[in-house]
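Shown next, in structure tokens, is the structure this report addresses.
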Amino acid sequence: MKFSRRHFIFARILIILVLACQVVSAQGSDYFMYFGTYTGFKFVTKSKTYGVGDSHSEGIYVSRLNAGTGEMGEPQLAAKVLNPAFLTVNPNHRFLYAVTEDPLSVGPPLDHSSYVSAFAIDHASGKLRLLNALPTGGTSTCQISIDKTGKFIFLANFGSGSISVMRVKDDGSLGEQTAFMQHIGRGGSVLPIQSSAHPHSVVVSPDNRYAIASDLGLDKLFIYHFDADTGALSPLDAPSVTVPAGAGPRHFTFDPAGKFGYSLNEMGSTLTVFAWDATKGTLTQVEEVATKPAAFDGRGGAGEIQISNDGKFLYESNRLSLNTDRLPGTIGVFAIDPGKGTLTLVEHFPSGGVMPRSFAIEPTGRYLFALHQLSNNVVEHRIDSATGRLAKTGREIKVDTPVCLQFVPVTEK
């Protein structure tokens, strides 16, 4: 069958129209924004006591975002639960999981009883329905993530120095523990926090074959082989890599291509860049760069890290403080060299509040939302896709002690 020039032109126009419609549809999509918060929280400085009296959070809150316009709805309580600090969403967008810790439980500081809760998402209202809740297998659990299949969740137990894996059942509820790893040893120079293990996060590799656990207490990144059929973890021949003493690795992320890994180090206010070998499961250090603004002489307190969808830019948050007083934070923007994975500072942009513990880039990549734990506000910033730079939109919403944000498409069920 022969095609004329007219047919080819028509076909090209049709393809362009379809792609344009897809872009418009993506940009105009609505998303539920789920906020994890602290409900029993207290932080004291010389000038002010934050939390408790200032915070009236009751659990997980939900707001509706129009990704085309950037407009946000008023936050509503989605589920009443104690201290749902960190959240993760199943890849099928039907279920949400939250880790909680009881600050009134018996035990030493940073060693609180912790639980993980499973919720079903109501795609009409955004409300959450509790499916079940189980102990995490450790104490003061501070982070949760999920594997690429949505069948297993990973838990970083900061207080007890361990990580655990739990099965997700077909109905979204939580099942049995499939793996448990206890970290042992002594870390860097920052005492007393580095006198023992304190895992702060666990993430899976892009191919779902490995799990990387960032241990702030030991200044190490532990690398485990992950069996996606059974949920088991097993150490490799070279089970960990070490960052500089006192760095305190907090969160870790891979670039979209799966060639490089980036460790955000909380106490050292640094980023460590690694080359990632997916065939061997090894990390090789490439460089280390500072995260806090060069002219700032106080503490940086790096909080969160995320890479843009196109892999061109890395973003991280800085919870700045001077002596004991907290100051307005910044979002650091870095350009990523596509060949080397190295970082070049683009800017430090004011986050719009105090203690940006976390932030999140919405799925279309047009906006970044900074969550401020102490000033109780979520501030929206526009992202320039060409330069990576941020700009104020003038929009923000009030959420008490926000510490985590996850997005769920409204239209998916």
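The values are calculated or read from the model by the stated rules, or taken from the named source; none is laboratory data. Model, not experiment: these values are computed from the prediction. Ideal geometry is used to build each Cβ from the backbone, glycine not excepted, and the neighbour counts take in all protein chains shown.
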Residues (surrounded by 24 or more Cβ atoms within 10 Å (Cβ to Cβ) and not polar (S, T, N, Q)) located in the stretch 198-219:
His198, Pro199, Val202, Ala211, Ile212, Ala213, Asp215, Leu216, Gly217, Leu218, Asp219
Step by step: first the residues of the stretch 374-410, then only those that are aliphatic (A, V, I, L, M) and closer than 25 Å to Asn92 by Cβ, then the one that is surrounded by the most Cβ atoms within 10 Å (Cβ to Cβ). Which residue is that?
Val403
Mind listing whichever residues of the stretch 223-265 are among the aromatic types (Phe, Trp, Tyr) and farther than 29 Å from Lys312 by Cβ?
Tyr224
From the list Gly70, Gly36, which one is modelled with pLDDT of 90 or more, in a loop (DSSP other than H, G, I, E, B) and within 22 Å of the chain's Cα centre (by Cα)?
Gly70
Scan Ser214, Ser205, Ser240, Ser234 and give me the residue that is over 21 Å from the mean Cα position of the chain (by Cα), within 23 Å of Lys340 (Cα to Cα) and small (Gly, Ala, Ser).
Ser240
Here are Ser125, Ser160, Ser140: which of them is of a type in the set (Gly, Ala, Ser) and in contact with a Phe, Trp or Tyr (Cβ under 9 Å, 6 or more places away or on another chain)?
Ser140
Collect the residues in the stretch 118-137 that are assigned to a strand (DSSP E or B) and either touching a Lys or Arg at 6+ places or on another chain (Cβ under 6 Å) or surrounded by 23 or more Cβ atoms within 10 Å (Cβ to Cβ) (or both), keeping them in residue-number order.
Ala118, Phe119, Ala120, Ile121, Leu128, Thr136
Return only the number of the condition from (1) surrounded by 15 or more Cβ atoms within 10 Å (Cβ to Cβ); (2) hydroxyl-bearing (Ser, Thr, Tyr); (3) farther than 21 Å from Ile212 by Cα that Thr253 does not satisfy.
(3)
On the basis of being in contact with a Lys or Arg (Cβ under 7 Å, 6 or more places away or on another chain), modelled with pLDDT of 95 or more, acidic (Asp, Glu) and closer than 22 Å to Thr291 by Cβ, does Glu347 make the cut?
yes
Every residue in the stretch 138-187 that is surrounded by fewer than 17 Cβ atoms within 10 Å (Cβ to Cβ), over 21 Å from the mean Cα position of the chain (by Cα) and touching a residue at least 24 places away in the same chain (Cβ under 8 Å), please.
Asp171, Gln177, Phe180, Gly185, Arg186
